[in-house]
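Worksheet: one structure, shown below.
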Amino acid sequence: YLPDGGGNTLKALKYKGRLWPAFDPESIKGVETFKSRDDDVIVVAYPKSGTHWVWEMARLLLAGKTDVPMIEKDDGMIEDVLPDKLEAQTSPRALNTHAHFELMPKEVLSKKNCKLIYITRDPRDVAVSYYNHHRKLVEYYDYKGQWKDYFPMFLSGKVDYESWFAFTRGWEQGIKDNPDLKVHVTSYEALHENTNEEVKNLAEFLGVSADEAFISEVVKKTSFDNMKASKGKNETYKEKDKSEVPIMYRKGKVGDWKNWFTVAQSEQFDEIFEQEMKETRAQKLYSN
Ligand code: A3P
């Protein structure tokens, strides 16, 4: 239970000195023993960066059609699915993970056989989205804190998956140091701004031949409203008061942080961001 400084705590699981969500430890251990296949596609992102969105795009593109059966909850998340269930999935598998670069399955980093899609999102929007996620997902986090007390937790990485800054630096460096990794790099913002083009690029990266009609079908099917309406009702978790709230589909906008950050928080954030993200792609994308 991580204290937030305001009298509340956030539940997380410590495994080998790193903070994970309170998943079944057997599935977290499975990250180390994960067996990659040549046709695996793995979406990689810090939590709340658009993982579900891009994962769904990838699933539909790989299937070559948009009427594929829905997967319940997070059945594609490497650290949240027991190894034998992952093994049982038929190829090509569309998976996702929030693992830091150095914690990625050894086999993925050594064999470099599967395709990775790496997404970033403005860390200020990530912070707000993660706060809401932690508040809403009572079953895992049991968190009742206020935004003002959560904000420093996010900045110092006292949350599951730890620091956004370290995660992002680690992935940038990892990609640079491993030029033979098959990785497609994109951002939540680019996906918003130019969805059609982004889905086309994704199809090309995945080696999927897709005509204009199929691309726009995928775009439509994976729109925020559509995913919230269709998948949102499955991805609910019982709140303690027994109401059900969609967790993964909240607002789906760029720049919602402006409705949450105070001027002081924004200044503090900018200062830390500039220190932590010097000469990175993320700095170019997200610095003011
Ligand atoms: P917000 O909380 O800002 O709304 P992840 O899938 O990595 O957990 O990311 C969740 C964030 O992506 C949430 O952000 C969620 O609303 C947003 N999101 C989910 N599906 C989306 C979609 N189809 N289009 C745009 N944003 C989407």
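Yes or no, residue by residue, for (1) within 16 Å of the ligand (Cβ to nearest atom); (2) within 19 Å of W260 (Cα to Cα); (3) surrounded by 15 or more Cβ atoms within 10 Å (Cβ to Cβ):
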| residue | (1), (2), (3) |
| --- | --- |
| L155 | no, yes, yes |
| A166 | no, no, yes |
| G170 | no, no, yes |
| D177 | no, no, no |
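Which ones in segment 179-197 are more than 21 Å from P47 (Cα to Cα) and out of contact with any Leu (no Cβ under 7 Å at 6 or more places or on another chain)?
Of everything in segment 179-197, those that are more than 21 Å from P47 (Cα to Cα) and out of contact with any Leu (no Cβ under 7 Å at 6 or more places or on another chain) turn out to be P179, D180, N194, N196, E197.
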**Study point:** Every pair of residues 6+ apart whose Cβ atoms lie under 8 Å, when the first sits in segment 121-149 and is within 19 Å of A264 (Cβ to Cβ) while the second is charged (D, E, K, R) and more than 14 Å from the ligand (Cβ to nearest atom)
**Key:** G145/D4; D149/D4
Review point. Filter segment 215-241 for residues that are among the basic types (K, R), modelled with pLDDT under 70 and part of a loop (DSSP other than H, G, I, E, B); which is farthest from the ligand (Cβ to nearest atom)?
Key: K240
Check your understanding: What single numbered condition from (1) farther than 24 Å from L285 by Cβ; (2) without any contact (Cβ under 8 Å) to a residue 24 or more places away in the chain; (3) within 16 Å of the ligand (Cβ to nearest atom); (4) more than 13 Å from the chain's Cα centre (by Cα) fails to hold for A190?
Key -> (1)
Practice item. Exactly one condition in (1) hydroxyl-bearing (S, T, Y); (2) more than 13 Å from the ligand (Cβ to nearest atom); (3) surrounded by 22 or more Cβ atoms within 10 Å (Cβ to Cβ); (4) assigned to a helix (DSSP H, G or I) is not met by S110; state its number. Key: (3)
Review point. When you scan segment 116-204 for helices (runs of 4 or more DSSP H) that lie fully inside it, which ones turn up with 3 or more residues that are farther than 30 Å from F214 by Cβ?
Key: 123-136, 138-141, 147-156, 164-177
Review point. Are there any strands (runs of 3 or more DSSP E) wholly within segment 1-98 with 2 or more residues that are aromatic (F, W, Y) and away from the ligand (no atom under 16 Å from the Cβ), and if so which?
Key: none
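The values are calculated or read from the model by the stated rules, or taken from the named source; none is laboratory data. The shown structure was predicted, so the numbers you read here are calculated from the model rather than taken from an experiment. All Cβ positions, glycine included, derive from the backbone under ideal geometry; neighbour counts span all protein chains shown.
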